[in-house]
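Below is one structure, written out as structure tokens, with a few remarks after it.
The values are calculated or read from the model by the stated rules, or taken from the named source; none is laboratory data. Everything numeric here is computed off the predicted structure, so don't read it as measured data. Note that we place each Cβ from the backbone using ideal geometry, even for glycine, and neighbour counts take in every protein chain shown.
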Amino acid sequence: MVVLNKIYTRTGDDGTTALGSGQRLAKDAKRVEAFGTVDETNAVIGMARHHITSPQFSCGPNSVKIDAMLGRIQNDLFDLGADLCVPDSADRTGSQRLRITPEHSARLEAEIDELNGELAPLTSFVLPGGAPAAAVLHLARTTARRAERRMVTLAAIPGEHVNEEALRYINRLSDFLFVASRSMNESCGFGDVLWVPGANR
């Protein structure tokens, strides 16, 4: 159970922050950068959900379905942050830690297949844009890719550990966000915004 009675602690005023293990790291450490970018991804998804559910932008029953999927993903991303915040090497307590599992990615894959099955095959690369919800989902997708890059960088550092399932999940998440953006454009009557190679030559 998390209890937050006081928001500021002053313990980070020296430019450090605490991992879930109690270890303190600089706020620009690679591990902090990784879970910080996961948090940023979550914030962008929150913005996308606003566009999806707002009466001004909502586009039919698909909005409800995709919003529910994104709500589950936001919770997953807190789990992912917790996974990154307590590396295996730092977990000496033997207690059960939150970890991303194969089930997380399997659910995403099933939802990708469900949404993609309703869409026409792509004939070109897609440009970010269209409906406001779709545009923000593309922003979330690119932020998720940056989180993935930060996690890969961390995993390559000798002595650091990143859960392989966490890497699989963040990779699959950007795929989900891509398909969800296409689905929202379809639902909102925009269709895909396609790249035309060399269109402005």
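Could you tell me which numbered condition Gly130 fails, if it satisfies all but one of (1) free of Cβ contacts under 8 Å to residues at least 24 places away in the same chain; (2) in contact with a Phe, Trp or Tyr (Cβ under 8 Å, 6 or more places away or on another chain)?
(1)
Quick one: which of Pro132, Pro121, Pro102, Pro61 is surrounded by fewer than 13 Cβ atoms within 10 Å (Cβ to Cβ) and in contact with a helix residue (DSSP H, G or I) (Cβ under 7 Å, 6 or more places away or on another chain)? Let's see the steps before the verdict.
Details: Pro132 fails: surrounded by fewer than 13 Cβ atoms within 10 Å (Cβ to Cβ); Pro121 fails: in contact with a helix residue (DSSP H, G or I) (Cβ under 7 Å, 6 or more places away or on another chain); Pro61 fails: in contact with a helix residue (DSSP H, G or I) (Cβ under 7 Å, 6 or more places away or on another chain).
One residue alone meets the criteria, Pro102.
Can you tell me which residue is nearest to Ala34 (Cα to Cα) among those in the range 105-118 that are surrounded by 16 or more Cβ atoms within 10 Å (Cβ to Cβ) and either within 16 Å of the chain's Cα centre (by Cα) or without any contact (Cβ under 8 Å) to a residue 60 or more places away in the chain (or both)?
Residues of the range 105-118 that are surrounded by 16 or more Cβ atoms within 10 Å (Cβ to Cβ), as a first pass: 105, 107-108, 111-112, 115-116.
So of that shortlist, the ones also either within 16 Å of the chain's Cα centre (by Cα) or without any contact (Cβ under 8 Å) to a residue 60 or more places away in the chain (or both) come out as 105, 107-108, 111-112.
On the way: Ser105: 19, Arg107: 23, Leu108: 21, Glu111: 25, Ile112: 24 Å.
Residue satisfying both the conditions and the ranking: Ser105.
Could you list, in sequence order, all residues of the range 155-177 that are touching a residue at least 24 places away in the same chain (Cβ under 8 Å) and either part of a loop (DSSP other than H, G, I, E, B) or surrounded by fewer than 21 Cβ atoms within 10 Å (Cβ to Cβ) (or both)? Can you show your working first?
In the first step, residues of the range 155-177 are kept if they are touching a residue at least 24 places away in the same chain (Cβ under 8 Å); the result is 157, 159-163, 165-166, 168-170, 172-177.
Listed by number, the residues that qualify are Ile157, Gly159, Glu160, His161, Val162, Asn163, Glu165, Arg168, Arg172, Ser174, Asp175.
For the subset of the range 178-201 comprising residues that are among the polar types (S, T, N, Q) and surrounded by 14 or more Cβ atoms within 10 Å (Cβ to Cβ), which member is nearest to the chain's Cα centre (by Cα)?
Looking at residues that are among the polar types (S, T, N, Q) and surrounded by 14 or more Cβ atoms within 10 Å (Cβ to Cβ), I get Ser181.
Filter the range 88-118 down to residues that are acidic (Asp, Glu) and more than 25 Å from Leu137 (Cβ to Cβ) and give me whichever is modelled with the highest pLDDT. Don't jump to the end; show me each part of the working.
First, pick out the residues of the range 88-118 that are acidic (Asp, Glu): 88, 91, 103, 109, 111, 113-114, 118.
Next, from what is left, pick out any that are more than 25 Å from Leu137 (Cβ to Cβ): 88, 91.
Numbers: Asp88: 71, Asp91: 45.
By that ranking, first place goes to Asp88.
Scan the range 16-34 and give yes if some residue there is under 30 Å from Gly189 (Cα atoms), modelled with pLDDT under 80 and either crowded, with 19+ Cβ neighbours inside 10 Å or under 23 Å from the mean Cα position of the chain (by Cα) (or both), otherwise no. It would help to see each step written out before you state the result.
Going residue by residue through the range 16-34, those that are under 30 Å from Gly189 (Cα atoms) are none.
There is no residue in the range 16-34 that is under 30 Å from Gly189 (Cα atoms), modelled with pLDDT under 80 and either crowded, with 19+ Cβ neighbours inside 10 Å or under 23 Å from the mean Cα position of the chain (by Cα) (or both).
Kindly establish whether Arg150 is in contact (Cβ under 8 Å) with a residue 60 or more places away in the chain, more than 19 Å from Gly71 (Cα to Cα), crowded, with 19+ Cβ neighbours inside 10 Å and out of contact with any strand residue (DSSP E or B) (no Cβ under 7 Å at 6 or more places or on another chain).
Details: in contact (Cβ under 8 Å) with a residue 60 or more places away in the chain: yes; more than 19 Å from Gly71 (Cα to Cα): yes; crowded, with 19+ Cβ neighbours inside 10 Å: yes; out of contact with any strand residue (DSSP E or B) (no Cβ under 7 Å at 6 or more places or on another chain): yes.
In short, yes.
Hey, any hits in the range 170-181 for a residue that's small (Gly, Ala, Ser) and modelled with pLDDT under 95? Lay out the reasoning, then the answer.
The first filter runs over the range 170-181 and keeps only residues small (Gly, Ala, Ser), leaving 174, 180-181.
From what's left, modelled with pLDDT under 95: none.
So far as the range 170-181 goes, no, none of its residues is small (Gly, Ala, Ser) and modelled with pLDDT under 95.
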